[in-house]
Amino acid sequence: MIPILISHILRTNLRGLDNLFMDKGKIYTFLNPVSYLMALDRKDLFGQFDGIFADGSILVAAIRLLYGITVKRRSFDMTSMAPELFRFAENNGKMLYIVASKQEQVEKAVEIFKERYPKLKFMGCRNGYFVSEQEMDAEAKHITQVNPDFLIVGMGALMQERFLLKVRNAGFQGVGFTCGGFIHQTANNEIEYYPLWIDRMNLRFVYRMYKEKHTRKRYVQAALLFPARFLWEKLIFSWYKDSKPL
């Protein structure tokens, strides 16, 4: 047996992106060591997603080390999935909708995307701050009604997953992705957030700690807790498998 989050990642890793982009009514999220720790306590939430990507070289290395399987790192940023999706949308006349960050930031990000991808079409955008569950439900219903081909949501771990699941449950027929801090980074004129050498050396989390002070505490916590909990999960499932009667 394989833990549910790892199993989800392995299944998602087998899918080609073009096939995934064309598979309607599905939602996807990304896990790095920080959000993996959160997801361990909310398997009920993450288990409802149609796919989970391994976001970060540390999680990829941990899966390879403990499970002997190599998965591809996928992040919703310009080093990975974002340009693939934008090119696909351009080439196929698909419409995008974004819910993320503050209003001025998401609008600025849309402008930057349009400059880089002139044929990219946006059906709408709004900030990721909701004053109530009712407002969140109303936006989920609105998105379902306007029916974009792709929905990108960046509201922070757990909240963005909760909202994307609300949209899917409201009847959304497009394809949805969480994107973490991608919109915020882009709005600061940092669409190419990571220097090329940082990306090549897999030092993205170190660079984020340098650039974004608020990430330092959670990265330090992840450095201490993630290896222990990841290994413990593997040991528990191995013990359970071996202890089952024949």
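Observations, loosely collected:
- Test: Phe113 is among the hydrophobic types (A, V, I, L, M, F, W, C), at negative phi, in contact with a strand residue (DSSP E or B) (Cβ under 9 Å, 6 or more places away or on another chain) and open to solvent by 30 Å² or more (accessible area, probe 1.4 Å): no
- Members of region 162-185 that are more than 18 Å from Asp149 (Cα to Cα) and part of a loop (DSSP other than H, G, I, E, B): Gly180, Gly181
- Candidate set from region 15-35 (those that are aliphatic (A, V, I, L, M) and closer than 12 Å to Met81 by Cβ); member that is least open to solvent (accessible area, probe 1.4 Å): Leu20
- Gly174 vs. criteria modelled with pLDDT of 70 or more, open to solvent by less than 20 Å² (accessible area, probe 1.4 Å) and in contact with an Asp or Glu (Cβ under 9 Å, 6 or more places away or on another chain): yes
- Residues satisfying the criterion are present in region 199-210 (criterion: part of a helix (DSSP H, G or I) and more than 20 Å from the chain's Cα centre (by Cα)).
- Helices (runs of 4 or more DSSP H) fully within region 16-122 that include at least 1 residues being within 18 Å of Gln185 (Cα to Cα): 81-92, 103-116.
- Filtered residues of region 124-165 (kept if open to solvent by 70 Å² or more (accessible area, probe 1.4 Å) and touching a helix residue (DSSP H, G or I) at 6+ places or on another chain (Cβ under 6 Å)): none
- Within region 89-108, the set of residues being in contact with a strand residue (DSSP E or B) (Cβ under 9 Å, 6 or more places away or on another chain) and surrounded by 14 or more Cβ atoms within 10 Å (Cβ to Cβ) comprises Ala89, Glu90, Lys94, Met95, Leu96, Tyr97, Ile98, Val99, Ala100, Ser101, Val106, Glu107.
- Selection from region 64-78 of residues that are touching a residue at least 60 places away in the same chain (Cβ under 8 Å) and over 17 Å from Gly16 (Cα atoms): Leu66, Tyr67, Asp77, Met78
- Pairs with Cβ under 7 Å, 6+ apart, first in region 214-227 and assigned to a helix (DSSP H, G or I), second among the charged types (D, E, K, R) and at pLDDT below 75: Thr215/Arg208
The values are calculated or read from the model by the stated rules, or taken from the named source; none is laboratory data. The shown structure was predicted, so the numbers you read here are calculated from the model rather than taken from an experiment. Virtual Cβ from ideal backbone geometry, glycine too; neighbours counted across all protein chains shown. With ligands, DNA and RNA removed, areas are computed over all heavy atoms of the protein, side chains included. Shrake-Rupley method; radii C 1.70, N 1.55, O 1.52, S 1.80 Å.
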